[in-house]
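To start, the structure itself, in structure tokens.
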């Protein structure tokens, strides 16, 4: 018997309102695995992530979650299985960290949103895990960008979803926070056996932390381990501009301006 | 922390109780404590009893209901439209009510129907119908567009058209009908009888109960659209639910007391400041309690400033509400 993947995409075609923007995506992701999605701006990285999370309808193809077709899951079940985190969160004055955790207990709390003691324990644990122990009564709008991202990751732990999908978690962070957040996600993949998919433009950090890279290339979708991606020169296919090449030795993109 | 919150609630309840007692004694004629108590609790009929039971008591009940509704309505709209200055006026719901009343009071006079036969209840019905009509339009639009800003712009445009139509009607209307309409726009808690106050109470109570069931959804909406969908919530459905409860609240106040501006924006902000929270589990009861006190205070001031007659509610609510709103704008831009 073959093992069921946490996520399996078969010839998936994504887009808005019936118009295809990217097609023929075939890939899979397992629990305990950290996957980085890369691609040029406008290729549809966010659309792909939202489509997997069920925030947007697919055009065609299949999405299997734990081996079952995604049509088997209703909104509530799917949102419990998958946490989708957008790149930036609104800063609401006076909204406490604990309030955000409470919002993540939407389906577990009572009709006016009060949570049980067992959930409170899970919240303390999640905050500890993300390095925010004792932050319960802090005003979330006064947290640093890095702390706010941690807070949102803690929210997905409170939901206890097996899959965490994070759209550009490090886009607005400084380099030290980029590493901290990326390694925090890696820790969750390994220690909590989560399946984590995140998109990023930051190859230096992503190549370091990811188990596999999904590439929404110019010519089509491809994937592989960081090593395969590098050795196979797969990164060159990301941009349509042929002057941009990925330099394996320098581990960065170089731009040939013709001089 | 928990205790502090309870103390503030108790303080707000005591303020509301004190203000209702003061309001009973406020009016053009002064009564002693003994006379008032006799009027309220004894069986004998007297002119004092008539004034207290038939005039002042319904007025206080109306003020309490309007107060409980107005801040709560503003709170929900501010969260729904992610706009700190949103309230029923911005969405055009109040203009809709105004248009209903204008068509009713002025339009009907074209057909030669005499005014004396029409009661407050007719005006109220027209206002509710107008508010409901605009809400249907807003509901339809909010189903088409997810973008809250477009809906706000539509609201403002609908207000514009509504006001223009009202102006046209006023231009053609005969004097007595015009006077009735203008009096309604000034806002008042008086002139309601106990049956009307009860009708208003039932409508508002339905709105309040719906609002309480919205608490979780309102909190989730704070986090933005994608986050709401990520929680497995049907966003369109909860938006509709919030809009319906806000309309019930706004419609019942406007229908019976006329349009009351600015307090709906100001009260939620005052509550956020006092309780230092954005959690609707605290803010929903807080806006109800603070709204009651604010409305009773408005009513007391409107009656005690002059010796003759009453200053329109809308004048006092503007004087109390606008400074708070300006403070919010200054604070937000710092």
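We did not get these values from a lab; they are worked out from the coordinates using the rules stated. Everything numeric here is computed off the predicted structure, so don't read it as measured data. Glycine also receives a Cβ, built like all others from the backbone with ideal geometry; neighbour counts cover every protein chain displayed.
For chain A, the longest principal axis of the Cα atoms and the long axis of helix A:145-159 meet at an angle of about 70 degrees. Label-to-label distance for residue A:219 and residue B:170 is 7.1 nm, based on points extended 7 Å past Cα in the beta-carbon direction. Put the Cα centre of the stretch A:183-220 next to the Cα centre of the stretch A:52-86 and the gap is 20 Å. Between residue A:249 and residue B:147, the FRET efficiency estimated from the beta carbon spacing at R0 = 35 angstrom works out to 0.15.
Mean per-residue shielding of peptide B:275-283 is 5, counting Cβ atoms of other chains within 10 Å of each Cβ. Reported to the nearest whole Å, the Cα centre-to-centre distance from the stretch A:129-149 to the stretch B:310-332 is 36.
With contacts taken as Cα pairs under 8 Å at a separation of at least 6 residues, chain B carries a relative contact order of 31 percent.
Taking N as the number of residues in chain A, what value does Rg over Cα atoms divided by 2.2 N^0.38 Å take?
Rg over 2.2 N^0.38 Å, computed on Cα atoms: 1.04.
Cβ-Cβ distance of residue B:276 and residue A:3, R₀ of 56 Å, FRET efficiency by 1/(1 + (r/R0)^6): the value works out to about 0.65. Taking a cut-off of 32 Å, what percent of all Cα-Cα pairs in chain B are separated by more than that? The calculated P(r) of chain B puts 30 percent of pairs beyond 32 Å. The order of B:276, A:212, going from fewest to most other C-beta atoms within 10 Å of their C-beta, is B:276, A:212. Each helix, a run of at least 4 DSSP H residues, gives -39500 (n - 2.57); summed and divided by the residues of the protein assembly as shown, these come to -18000 deg cm²/dmol at 222 nm. Residues considered: B:220, B:39, B:16. Largest GNM mean-square fluctuation over chain B, using C-alpha springs under 10 Å, is found at B:39. Note on the stretch B:50-79 and the stretch B:170-225: Cα centroid distance 9 Å, given to the nearest whole angstrom. Counting pairs of alpha carbon atoms under 8 Å apart in space and at least six apart in sequence, what relative contact order in percent does the stretch A:15-106 give? 22 percent. Using a Gaussian network model of chain B in which every pair of alpha carbons under 10 angstrom is joined by a spring, one finds that among B:302, B:94, B:225 the greatest mean-square fluctuation is at B:225.
Per residue, the convex hull spanned by the Cα atoms of the stretch B:181-298 amounts to 115 cubic angstrom. Looking at the protein assembly as shown, the pairs of alpha carbons with a distance over 31 Å make up 58% of the total. Taking chain B as a Gaussian network of alpha-carbon nodes connected by springs under 10 Å, the highest mean-square fluctuation of the residues B:45, B:277, B:123 belongs to B:45.
When only Cα pairs below 8 angstrom with a gap of at least 6 residues are kept, chain A shows a relative contact order of 23 percent.
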